[in-house]
Amino acid sequence: MATATVTAASTLSWLHSFGGAQNEATKAADRNRVFVVFAQKKAKKTRKIMLKEDVEYLGKKGQLLDVKSGYFRNYLLPMGKAQIITPALLKEMKVEEERIEAEKQRVKEEAQQLAVIFETIGAFKVKRKGGKGKQIFGSVTAQDLVNIIKAQLQRDVDKRIVSLPEIRETGEYIAELKLHPEVTARVRVNVFAN
């Protein structure tokens, strides 16, 4: 019974604070009260992601993109096609890029060394059966040059990297070997009839 009286009294004092009779102490307390309003932040509309595989109309594997958060949350993440960019992921990507760049540089240097070897050899000699004047029977092909390089230098060369002019006569010709996108070796080919 005593608790009901206390509750009723507190309810009445609460009701009186809205416009009923108030004493001076209540009015002073109301003036000193400060209301703090917390606002909710809006949800991020985009996410920074890295694609784990090629996604049609979006990008290629390893590409960094900004996509709508709903698209990421509802499609890319459940399908395992993308992941959110984190500082650790960025560091890992940087290390991987440095490794790839070092490998590219190493391959280029090897191609340059091989080009120097090819260019200092002199001329590769090709024998063909002769016809009238300077004519030869058949022609000299890229495969012929590859076989000669393998016999003389013990190096395997792909015939697709060999660029030869059409050779149907005896004489000296220049062949190009595309060893690397940035490195081309020029070799001399001497064709003579036997």
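The values are calculated or read from the model by the stated rules, or taken from the named source; none is laboratory data. Note that the structure is a prediction, hence the values are computed from the model and not measured. Cβ sites come from the backbone with ideal geometry, for glycine too, and all protein chains shown count toward neighbours. Note: areas computed on protein heavy atoms with side chains; ligands, DNA, RNA excluded. Shrake-Rupley method; radii C 1.70, N 1.55, O 1.52, S 1.80 Å.
So for region 46-85, taking the charge dipole from beta-carbon charges (+1 Lys/Arg, -1 Asp/Glu), which of G59, Y75, I85 sits furthest toward the positive end? So the residue furthest toward the plus end is I85.
Give me the percent of the accessible area of region 46-85 that comes from carbon and sulfur atoms, probe 1.4 Å, all protein chains in place. Here it works out to 52 percent. Sorting the Cα pairs of region 77-180 by distance into bins of 10 Å, from 0 upward, gives 12, 30, 20, 13, 12, 9, 4, 1 percent per bin. Over all other residues within a Cβ to Cβ distance under 14 Å of I174, the charged ones net out to -1, with Lys and Arg as +1 and Asp and Glu as -1. Taking amide H as placed 1.01 Å from N in the peptide plane, Q63 has its amide H under 5 Å from the amide H of L51, each at least 5 places away in sequence or on another chain.
Excluding L145 itself, what net charge comes from residues whose Cβ is under 14 Å from its Cβ, given Lys and Arg +1 and Asp and Glu -1?
On the way: positive: K125, K127, R128, K150, R155, K159, R160, K178, R186, R188; negative: D144, D156, D158, E166, E172, E176.
That sum, taken over residues with Cβ under 14 Å, equals +4.
Note on E98 and R168: the extension gain reaches 20.4 nm, defined as 0.36 nm multiplied by sequence separation minus the Cα-Cα distance.
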